[in-house]
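The values are calculated or read from the model by the stated rules, or taken from the named source; none is laboratory data. What you are looking at is a predicted structure, and each value in this text was computed from that prediction instead of being measured. So basically every Cβ, Gly included, is an ideal-geometry build from the backbone, and we count neighbours across all protein chains shown. The area values use the complete protein model at the heavy-atom level, side chains included, leaving out ligands, DNA and RNA. Shrake-Rupley method; radii C 1.70, N 1.55, O 1.52, S 1.80 Å.
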Amino acid sequence: MAMHEYEREMRSKLLSKSELNQNERALLDRLNGKQPTLDICGQIYFVNWHLRTLERKDDFSTLGISFDDLEPYYDDDFTRCDIPYNKKTHQLVEDFDPDLTELPADTIIVSFPTPNEMDVVGSVRAGEGYLEDRLEETPQRSHFEAKELTGKKSWLVNNINSNRKERGLPPLRRSGRSRGKGI
């Protein structure tokens, strides 16, 4: 069965239901053209498979973040991206210096699902498998939130501490509130 016929049948099936759960509503919206969104530090991005970018919702003058630029930051299972992100400019930090010994100003590591995981319908339309099979593995969702990785969860902090150790420097101190002061 051709993809567009399958989508039409799926859309009809969903429309015939009296109530839709959250994933079914997201799937119907996506089949009707609504792109999923990703919130990174308050900046909303559309997951745009046609352009293969995370496209800033309210600023189309920038190129956004290319899917190709995300690939070096995929985890081993190809389900998550952990990227260096400038929270002031809302951009992927490119040309990252692997020999850092201090945290760069305004740069954090954020983690979020890969574009394949965030937009199942879009990835299938781009030739990444069969919709029915993919939906069984990963339901379509409409919105995602990136999480900031800190401390030992952040490959950036681990990399910096490794560089500091090689140079005889103490590890980075934890930032944030002190324990036990309640402040």
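Rounded to the nearest 20 debye, the dipole magnitude of the chain is 1120 debye, with +1 charges on Lys and Arg beta carbons, -1 on Asp and Glu beta carbons, and the Cα centre as origin. Between the alpha-carbon centres of region 1-66 and region 77-147 there is a gap of 15 Å. The listed residues W49, W155 rank as W155, W49 when sorted by accessible area, largest first, using a 1.4 Å probe. For K88, the aspartates and glutamates whose Cα falls under 17 Å of its own Cα, not counting residues fewer than eight places away in the same chain, are D39, E55, D58, D59, D106, E148. The sum of -39500 (n - 2.57) across all DSSP H runs of n ≥ 4, divided by the residue count of the chain, sets its helix-only mean residue ellipticity at 222 nm to -8500 deg cm²/dmol. Would you list which lysines come within 19 Å of K13, measuring only between C-alpha atoms, while excluding same-chain residues fewer than 8 positions from it? The reachable lysines, counting only those whose Cα sits under 19 Å from K13, are K34. For S16, S66, the ranking by accessible surface with the largest value first comes to S16, S66, using a 1.4 Å probe. Surface composition of region 22-145: carbon plus sulfur atoms contribute 45% of the solvent-accessible area (1.4 Å probe, protein chains only, all chains present). Summing +1 for each Lys or Arg and -1 for each Asp or Glu among the other residues whose beta-carbon sits under 12 angstrom from that of H143 gives +1.
With every protein chain in place and a 1.4 angstrom probe, the accessible-area ranking of T37, T89, T114, T62, largest first, reads T89, T62, T37, T114. Rolling a 1.4 Å probe across all protein chains gives S111 an accessible area of roughly 10 Å².
Annotation: Cα Rg of region 56-153 relative to the compact-globule expectation 2.2 N^0.38 Å equals 1.20.
When nucleic acids and ligands are ignored and a 1.4 Å probe is applied, E71 ends up with an accessible area of around 100 Å². Hydrodynamic analysis of the chain uses the Kirkwood radius over alpha carbon pairs. Inserted into Stokes-Einstein at 20 °C and 1.002 mPa s, it gives a translational diffusion coefficient of 116 µm²/s. In summary, the lysines within cross-link reach of K165, defined as a Cα separation below 22 angstrom excluding same-chain residues under 8 places away, comprise K152, K153.
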